[in-house]
Amino acid sequence: MTTRRLTRHVVLLLLVAAASYSAAALAQSILERARTTSGREVVLRNDGTWAYADVPAPSRQHAAPAAPGPETLVVRRPADAGTVLALRRGGFRFWYNPAKWRATPANADGRVQLQLAGHEAYIVLIPEGTPLPIAQLRTVALENARQSGGDARIVAEERRSLAGREVLLMQINVTLGGSPVAFLGYYYGDPRGSLQAVGYTSLQDLPRYRAAILDGLAGVDLNR
């Protein structure tokens, strides 16, 4: 594999291939149950918090979008994104310009890949019906990348407001088959599901395609 020939096979070797399985497995390990000395059952979470099991869970309807802080960059949908993809899991949608981005049919697990027309730059959408907080998605993405390349590392991350909701923008660099690859994407979760929307290209080509990838990723629609 050369730095200019990223194929669908590369994606299957990377975080995309195992993302759905890892996300679901991680979600199953988030909660454990225990019983207090008084006999009342409690739920223990991996983040160290707990709650009484007999207290009703919060509504699964998503909360209203929170206003972004003054330092949060607000991302807006591209004006030319007039075609929408309804993702199979989580109720998410993705708006794009088919003259710029060529979409492939969704996989059985709901993943969708798009390619920047005529170029070696891609976007992959990984929707999940399993609710996962952003911090857990960050862990999932990094661990999956490390399974494919031991040198995988997060080189940049920041919070942004996308479709009125806070998301994590993160870049992971990893070497695959001797070729450095950059993954740049948004990570989001709420009580109805979670989404990884990730653009990728060779590391040497990232400066060339970064603006196009971010413009394409801005078509993510989290309101449903």
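The values are calculated or read from the model by the stated rules, or taken from the named source; none is laboratory data. Please read these numbers as outputs of a predicted model, since none were measured by experiment. Don't worry about glycine lacking a Cβ; one is built from the backbone with ideal geometry, like all the others, and counts go over all protein chains shown.
Out of the residues in the stretch 191-206 that are part of a strand (DSSP E or B) and within 17 Å of Ala117 (Cβ to Cβ), state the one that is nearest to the chain's Cα centre (by Cα).
Among residues in the stretch 191-206 that are part of a strand (DSSP E or B) and within 17 Å of Ala117 (Cβ to Cβ), the one nearest to the chain's Cα centre (by Cα) is Gly199.
Considering each of Tyr209, Tyr188 in turn, give the residue that is closer than 20 Å to Arg76 by Cα and outside any strand (DSSP E or B).
Tyr209
State whether one or more residues within the stretch 42-58 are among the hydroxyl-bearing types (Ser, Thr, Tyr) and modelled with pLDDT of 95 or more.
Scanning the stretch 42-58, I find no residue that is among the hydroxyl-bearing types (Ser, Thr, Tyr) and modelled with pLDDT of 95 or more, so the answer is no.
So, in the stretch 94-114, exactly how many residues are surrounded by 17 or more Cβ atoms within 10 Å (Cβ to Cβ) and of a type outside the set (A, V, I, L, M)?
Of the residues in that region, 8 qualify.
Hey, any hits in the stretch 190-201 for a residue that's in contact with a Gly (Cβ under 9 Å, 6 or more places away or on another chain) and aromatic (Phe, Trp, Tyr)?
yes
Please state which of the following conditions Asp190 fails to meet, knowing it meets all the rest: (1) in contact with a strand residue (DSSP E or B) (Cβ under 8 Å, 6 or more places away or on another chain); (2) within 21 Å of Ala106 (Cα to Cα); (3) charged (D, E, K, R).
So Asp190 meets the others, but not (2).
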